[in-house]
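Below you'll find the structure, written out as structure tokens, and then a few comments.
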Amino acid sequence: MDLTTRTATETAALNLFDRAADVLELEPDLRVALALPERETAVRFPVRMDDGRVRMFNGYRVRHSTARGPAKGGLRYDLSVSLPQLRQLAMAMTLKSALVGLPFGGSKGGVIVDPRALSAAELERLTRRLVRALGDDIGPDRDIPAPDAGTNARVMSWIFDEYAQLHGRPIANVVTGKPTELGGSPIRSGATGVALAELIEAAASRIELPLRGANVALQGFGNVGFAAARALRGMGARVIAIADVGGGVIRTDGIDLKSTQRWATEIGTVAGAPGTESIPAADVLALPVDVLVLAALEGQITRTNAAMVHARLLAEGANGPTVPDADRILRDNNVFVLPDILANAGGVTASYLEWSGQSLSLSEEQAQGFVRARLHDALDRVLDQAVQLGGDIRLAAHVLALKAVAAAARSRGVS
Ligand code: NAD
């Protein structure tokens, strides 16, 4: 890895990895092997735009580890996409899958693009060219993409179809998060958010915070944020503020989620949604709420704004939304943090059911029960481990996850 291109968040991820490796007294060979990705692919490819012009795009796929099985990780379309960012996210996927006991490694990919600035036809052409450019880098027993920020079931359908064209036959488990008519799991699209809400409920009961009547602020109102918000409302909580890429909204007696989602889908942001008042997006993070849900992008809670977080419970639906310096401040202020590799593991767990074909033989309740059981078991183990680590829940999750990855790597050996 070129050390000069490491970002602050990537360095932070490696510091956390090192701390977990120290706790485990991980042997030096494994520490070196697992600290960096197994494989990185960078592609540059042309896409014909609707106006006839050709634009070049940069795409990436980073495979962190296949120690426990085929690599699994989302595909992100966002202007912030970069190799250093994807390295960190790919490692997080390895650890996340291991923490909940799935037979997956970890990966992540993305394209530097603002998907909202492209038409549906342009996005389709971009996705299909990306699949051709990546070639055999992805595959059902190599590396399996899934939706992430800026992508969705529709994008997964295009990948499925293009991969089928390339290989002369449809290969069902090349992606997860497909629509149900292509064998997707009916619970996948809401799985991350629903499981996040269920973990919040379990964690809240540990700190004697009743969810009924609790106030929730939310950053990110996409796939994860909306599903979490709806599930939390079903548990009796009240979502009083939402921030997204275009601004923030507040309504102290509870935001109408359905109409706000309709507005956000149409306009591209929650800002200005009927029945709400505008508020700067950054202020949403500092509201005196019971629960703060982060479901947008990484690096949102920093040393600068961490002291302004007044929530009793902060749940990381997004990957890497809290930087390590901020973590210390949150712990000092008694904010209970549900760390990303645990909090948002519902998506990859539901994806496992889809990938392995099991979602076909399970009812929605059974599939949801499978996800719930995996995550709640992980929560119990993480909180037990945290007691031994002075209450550091994030470190505890990383220690348990790294232990599971290292055990698999050790079993396989090196010849
Ligand atoms: P999405 O594209 O559906 O939604 C992203 C949301 O974040 C949107 O509301 C967008 O407006 C908002 N956002 C973007 N930039 C922002 C900014 N600078 N400030 C405030 N809000 C901003 O994405 P998603 O699938 O919901 O994923 C959100 C996060 O959850 C990502 O970090 C992703 O890696 C993580 N995650 C997603 C899944 C999944 O199943 N989709 C699983 C695990 C983790």
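Inspect segment 180-188 for any residue being at pLDDT 95 or above and surrounded by fewer than 22 Cβ atoms within 10 Å (Cβ to Cβ) and give the result as yes or no.
no
I need every pair where a residue in segment 316-331 that is outside the structural domain of residue 292 (by TED's automatic domain parsing) has its Cβ under 8 Å from the Cβ of a residue that is part of a helix (DSSP H, G or I) and crowded, with 24+ Cβ neighbours inside 10 Å, sequence separation at least 6 or different chains.
Close Cβ pairs (under 8 Å, with a partner that is part of a helix (DSSP H, G or I) and crowded, with 24+ Cβ neighbours inside 10 Å) do not exist here.
So, in segment 28-56, exactly how many residues are touching a residue at least 12 places away in the same chain (Cβ under 8 Å), in a loop (DSSP other than H, G, I, E, B) and over 29 Å from the mean Cα position of the chain (by Cα)?
Total satisfying the criteria: 2.
Of the conditions (1) of a type outside the set (S, T, N, Q); (2) at positive phi; (3) not in a helix (DSSP H, G or I), residue 146 clears all except one; give me its number.
So residue 146 meets the others, but not (2).
Considering only residues that are over 22 Å from residue 223 (Cβ atoms) and of a type in the set (A, V, I, L, M), which ones fall in segment 267-288?
If the condition is that a residue be over 22 Å from residue 223 (Cβ atoms) and of a type in the set (A, V, I, L, M), then 279, 282, 286, 287 are the ones that fit.
Go through segment 261-275 and report how many residues are touching a Ser or Thr at 6+ places or on another chain (Cβ under 7 Å) and either within 13 Å of the ligand (Cβ to nearest atom) or within 21 Å of residue 150 (Cβ to Cβ) (or both).
3
Enumerate the strands (runs of 3 or more DSSP E) found wholly within segment 260-352, keeping only those where 2 or more residues are in contact with a helix residue (DSSP H, G or I) (Cβ under 8 Å, 6 or more places away or on another chain). It would help to see each step written out before you state the result.
Details: elements: 277-279, 291-294, 313-316, 336-338.
Output list reads 291-294, 313-316, 336-338.
I'd like the full set of residues that are in contact with a strand residue (DSSP E or B) (Cβ under 8 Å, 6 or more places away or on another chain), among the hydrophobic types (A, V, I, L, M, F, W, C) and not in a loop (DSSP other than H, G, I, E, B), limited to segment 226-259.
Answer for segment 226-259, where residues must be in contact with a strand residue (DSSP E or B) (Cβ under 8 Å, 6 or more places away or on another chain), among the hydrophobic types (A, V, I, L, M, F, W, C) and not in a loop (DSSP other than H, G, I, E, B): 228, 229, 232, 239, 240, 241, 242, 243, 249, 250, 257.
Mind counting the residues in segment 70-87 that are surrounded by 24 or more Cβ atoms within 10 Å (Cβ to Cβ) and polar (S, T, N, Q)?
Number satisfying all stated conditions: 1.
Which residue pairs have Cβ atoms closer than 7 Å, lie 6 or more positions apart in sequence or on different chains, and pair a first residue in segment 146-160 that is within 19 Å of residue 93 (Cα to Cα) with a second residue that is in a helix (DSSP H, G or I)?
Qualifying pairs under 7 Å: 146/347; 146/351; 147/153; 147/155; 147/156; 147/223; 150/115; 152/223.
Would you point out the residue of segment 204-229, among those that are away from the ligand (no atom under 13 Å from the Cβ) and closer than 30 Å to residue 266 by Cβ, that is surrounded by the fewest Cβ atoms within 10 Å (Cβ to Cβ)?
For segment 204-229, the residue satisfying everything is 215.
Among the numbered criteria (1) β-branched (Val, Ile, Thr); (2) in the same structural domain as residue 286 (by TED's automatic domain parsing); (3) more than 19 Å from residue 203 (Cα to Cα), which single criterion is violated by residue 335?
All conditions pass for residue 335, except number (3).
For (1) more than 12 Å from the ligand (Cβ to nearest atom); (2) farther than 18 Å from residue 354 by Cβ; (3) among the charged types (D, E, K, R), each residue gets a yes or a no:
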site	(1), (2), (3)
115	no, yes, no
123	yes, yes, no
135	yes, yes, no
138	yes, no, no
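If you scan segment 339-360, which residues turn out to be of a type in the set (A, V, I, L, M), under 12 Å from residue 188 (Cα atoms) and more than 10 Å from the ligand (Cβ to nearest atom)?
Passing the criteria: only 353.
Just give me the residues in segment 283-297 being modelled with pLDDT of 95 or more and near the ligand (Cβ under 9 Å from one of its atoms), in sequence order. Before the answer, list the steps.
Of the residues in segment 283-297, the ones modelled with pLDDT of 95 or more are 283-296.
Answer for segment 283-297, where residues must be modelled with pLDDT of 95 or more and near the ligand (Cβ under 9 Å from one of its atoms): 284, 294, 295, 296.
Please give the number of the condition residue 174 fails out of (1) under 26 Å from residue 154 (Cβ atoms); (2) within 16 Å of the ligand (Cβ to nearest atom).
For residue 174, the exception is condition (2).
Identify, from the list 269, 260, the residue that is within 22 Å of residue 152 (Cα to Cα) and either modelled with pLDDT under 95 or surrounded by 22 or more Cβ atoms within 10 Å (Cβ to Cβ) (or both).
Step by step, each of 269, 260 is checked, and only 260 is within 22 Å of residue 152 (Cα to Cα) and either modelled with pLDDT under 95 or surrounded by 22 or more Cβ atoms within 10 Å (Cβ to Cβ) (or both).
For the structure I just gave you, tell me whether residue 154 is over 21 Å from the mean Cα position of the chain (by Cα), not aliphatic (A, V, I, L, M) and not in a loop (DSSP other than H, G, I, E, B).
Details: over 21 Å from the mean Cα position of the chain (by Cα): no; not aliphatic (A, V, I, L, M): yes; not in a loop (DSSP other than H, G, I, E, B): yes.
Taking the combined requirement at face value, the residue does not satisfy it.
Within segment 164-187, can you find the residues that are in a helix (DSSP H, G or I) and in contact with a strand residue (DSSP E or B) (Cβ under 8 Å, 6 or more places away or on another chain)?
173, 174
Which condition breaks for residue 195 when tested against (1) near the ligand (Cβ under 10 Å from one of its atoms); (2) part of a strand (DSSP E or B)?
(2)
I'm told residue 170 meets every condition in (1) buried (at least 17 other Cβ atoms within 10 Å of the Cβ); (2) over 30 Å from residue 336 (Cα atoms) except one. Can you identify the failing condition by its number?
Unmet for residue 170, out of (1) buried (at least 17 other Cβ atoms within 10 Å of the Cβ); (2) over 30 Å from residue 336 (Cα atoms): (1).
What number of residues in segment 101-133 are within 30 Å of residue 411 (Cβ to Cβ) and surrounded by fewer than 24 Cβ atoms within 10 Å (Cβ to Cβ)?
3
The values are calculated or read from the model by the stated rules, or taken from the named source; none is laboratory data. Keep in mind that what you see is a predicted model, and the values were worked out from it rather than measured. Because the Cβ atoms are built from the backbone with ideal geometry, glycine has one as well, and the counts that use them run over all protein chains shown.
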